[in-house]
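Report on one structure; see the data block that follows.
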Amino acid sequence: MAGILIIGGYGHVGRQIAARLIRAGQAGVRVAGRDAGRAAVESAKLGCGWAVMDLDKPESWDAALAGIGTVVVCVDLVNADFPAHVLERGLGYIDISATDAVLRRIEGLDELARDHGGCAVLSVGLAPGLSNLMARAAVARMEQVEAVTIGVLLGLGDAHGAAAVDWTLDNMRRLTPDDVRPMGFGPGATVVQTMPFAFADQHVLARRHVLENVTTRLGLASPLITRATLRLLARLARRPVLRNLLRWSMARFRLGSDRASLVVEAVGHGADGPLRHRLTLDGRAEAAITALIAAHVALAWPGAARPGVWHIEEIWHLGEFAPALRAEGITLGEQRLDLPAPADASGPDP
């Protein structure tokens, strides 16, 4: 059985992916990164192999890839050199990046992958990932789609890596007062203030599935987050000294729950007239959910996809992940209304 190499495998998400694969009985799991000491320590805890590999040093790649059939990448890449190298070898490539620029670069390798028998699966995680699958399910019955709104709720009581905190602050810097809007999360449509966010799902759905008017919004699950505090955080994020203070505090203090929730609302027309379709997902710990999806894909993709570059919703549908989600206490909800949609399709249910 060919092994699975996890780049960034001693990071917050990578080590959870490795642990899930090992529990599933996968042989040849190997964590990799630039720091030999961290890789060795984490592999000893996990009971798996390790390798030193620097994405900036191509001469380090082949040794790490020896005996590997699938590569899972848990870091954002600055170019497509490494995924091209993996796909040229006819291997599997899985990327959990939420950044659209990263995914676009890998999409450009589709012909190379087909020529060499390699397969890449992108948009693997909570958002993008489950959000893509939910959006595709939400529009499945619609003959005409007018708008799709994706809401992502993340808990400030959860652990988030430095890169995720920086990305959140970057999005906050561009926030205007009119950008803050309420969304309803969960079966009860609990109202949370949200802001536009640059998750890749909205761009992938527009680009790959010709869905117009797709937007993604982020809410932070904490009683301290209101319309006023979001606007205040946006002002602080624009000032370098205060931004550094925010980065430091967000990485160290837990100011809420570890809830992770998605809501997807699609508005359009079906065979019987106007239709609104709402799907929800509720769980805990974004990184754990991303690890669950990544491990599931790593174990399932051989034989599930043809050579080429694909996004998760182009290979699987939401129902195929539902049993694994339910087993972890993650709930899915669905509501179809064959009624005229409200004027603000992104707001909470009435």
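If you roll a 1.4 angstrom probe over the protein chains with everything in place, what fraction of the accessible area of the chain belongs to carbon and sulfur, to the nearest %?
54
When the C-alpha atoms of segment 10-160 are aligned to their principal axes, what extent does each axis show, in angstrom, from largest down?
Projected onto its principal axes, the Cα set of segment 10-160 covers 52, 44, 29 Å.
Amide H of GLY90 versus every other amide H placed in the peptide plane: which residues, excluding those fewer than 5 positions away on the same chain, fall under 5 Å?
The answer is GLY118.
Can you give the accessible area per residue of the chain, in Å², using a 1.4 Å probe?
42
Give me the Å³ per residue figure for the convex hull around the C-alpha atoms of the chain.
Expressed per residue, the convex hull around the Cα atoms of the chain is 135 Å³.
Taking every pair of alpha-carbon atoms in segment 84-243, what share in percent sits in each 10 Å bin, from 0 to the bin with the longest distance?
10, 33, 33, 18, 7, 0
When the Debye formula is applied to the Cα atoms of segment 84-152, each taken as the same point scatterer, what base-10 log of I(q)/I(0) results at q = 0.11 Å⁻¹?
Values, matching the q order: -0.36.
Along each of the three principal axes of the Cα atoms of segment 33-81, give the extent in whole Å, ordering the values from largest to smallest.
32, 21, 19
The values are calculated or read from the model by the stated rules, or taken from the named source; none is laboratory data. All figures in this text were calculated on a predicted structure; none of them were measured in a lab. Ligands, DNA and RNA are stripped out before the accessible areas are found, and what is left, the full protein with its side chains, is counted by its heavy atoms. Shrake-Rupley method; radii C 1.70, N 1.55, O 1.52, S 1.80 Å.
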